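Read the figures in this text as sums done on the coordinates, not as results from a lab. Every value quoted in this text rests on a predicted model; they were computed, and no experiment measured them. Cβ: placed from backbone, ideal geometry, glycine included. Neighbour counts: every protein chain shown.
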Amino acid sequence: MMEEWMVIPLAQTVITVNLNGFALLLILMALGGYVGYQQGLRNLLTLALWTIIAYIACVQGGTFLVSVINRLWINAPRFIAFLIGNDPTLVPPLDPLITPEFQVPLFFRMMAFIALILLGRFLDSKAAWKGPPKERLARPLGLFVGAFIVLLWTNAAVVFWREFVNSGGIFEGPIALFLNTLPDVSIILPSLIAIFFMILGLLILFNFPKVWKP
């Protein structure tokens, strides 16, 4: 358990500010929420979607992608049998394509996470739904999404860092202190991702004709 406190010196060595991990995380989320409030939901939507994709694909040790690929491969013969009108229950499944214990190396997952975020930034400039936050809920929802994006980025950094340390990696300094202080909140993120998509689904349902208008 990481219960460390982060001590930040301010000018004089006798003046310090003590921040525990959750307080520091809330400060970072507040900054993200402020940016999101200024930008509005429309201007953060693409980045949020690609951040979620990057988090699911890269942060969970590759197990999510491995399980999806294996599931598709194992059931492919039964699906083909169903399409051609045969009884799929009579078709034996295939063996897993990838060993379930397989883990994508940490370095490649980190690079893939960054690459997906940058791809989201690039596609964001071409998104059809971007526009000024003129709707009533645009800024409040932008605040939520901005804080949520920062939470995903921060937790990804914490997960990557702890895997690096657990594998014997050594790195010291302010960055190490910062990452050691932050808590791992992976357990609540699936629920927050589900809430995000529920909100997005309701917005599309009730505002579908307006979604594509700038």
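Counting 0.36 nm for each residue step from ALA23 to TRP129 and taking away their Cα separation leaves a gain of 34.7 nm.
Packing here is the average count of other Cβ atoms within 10 Å per residue, and on that basis the peptides 82-93, 38-49, 190-201, 22-33, highest first, run 38-49, 22-33, 190-201, 82-93.
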